[in-house]
Amino acid sequence: MLFILAAVAAHNSTKFMKDEKYFKQFQQRIQPFAKMMAKAADVIKDQDVSSFPILVLSELPINIGINIVEKEKLNAPWNINASTLEELVARQVIATEKVEDFKLVYKNSDPDLCLLILSKEDANFVFVPRN
């Protein structure tokens with residue numbers, strides 16, 4: 001099951017995750033990277049970097065977090081970077097006044113993976129099962 005946390009840009013951006021067909025396609029596209037993403041999230045938690053790892057999927061290269069998948073090198077649909085709530089707050093991706101709300105949603109979705117999906121049109125936080 002997928003949970004939409006917030007639409008960061010446009011109000012219609014939540015449409016992509018409400019569409020069951022699109023969600024299934026999305027799950028299929030990230031499946032080859034699921035173990036790698038889960039491992040990155042676990043390392044962030046296990047090494048006490050943060051209790052709130054966030055994986056950033058982007059069509060274009062970005063300077064957030066640590067790159068774990070380069071789109072062009074692996075013929076992947078996205079670049080995938082491992083980041084944290086703290087970094088996204090510091091970079092003002094997440095507003096300071098929304099941090100407690102974010103933490104509540106995050107804790108209620110544990111052990112799912114938290115993804116920030118960036119596209120040319122919009123951005124969404126989603127939680128997906130680790131499988």
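No value in this document is a laboratory result; all are computed from the given coordinates. As the structure is a computational prediction, the values presented were derived from the model and not from experiment. We place every Cβ from the backbone using ideal geometry, glycine too, and count neighbours over all the protein chains shown.
Here is how the numbers come out for the structure above:
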{"quantity": "In sequence order, calculated HN-Hα J values of segment 62-68 (Karplus, 6.51, -1.76, 1.60; Hz; x Gly/Pro)", "calculated": "9, 9, 10, x, 10, 5, 10"}
{"quantity": "Candidates Val93, Val43, Val69, ranked by Gaussian network fluctuation over the chain, Cα under 10 Å, top entry", "calculated": "Val93"}
{"quantity": "Given Lys21/Lys73; Lys24/Lys107; Lys45/Lys107; Lys98/Lys120; Lys35/Lys73; Lys39/Lys98, the pairs whose alpha carbons are separated by over 20 Å", "calculated": "Lys21/Lys73; Lys24/Lys107; Lys98/Lys120; Lys39/Lys98"}
{"quantity": "Low-density loop positions, trypsin sites (Lys or Arg not before Pro), segment 55-131 - DSSP coil, at most 14 other Cβ in 10 Å", "calculated": "Arg91, Lys120, Arg130"}
{"quantity": "Calculated Cα extents along the principal axes in Å (choose from (i) 46, 36, 22; (ii) 47, 38, 27; (iii) 32, 32, 26), label", "calculated": "(iii)"}
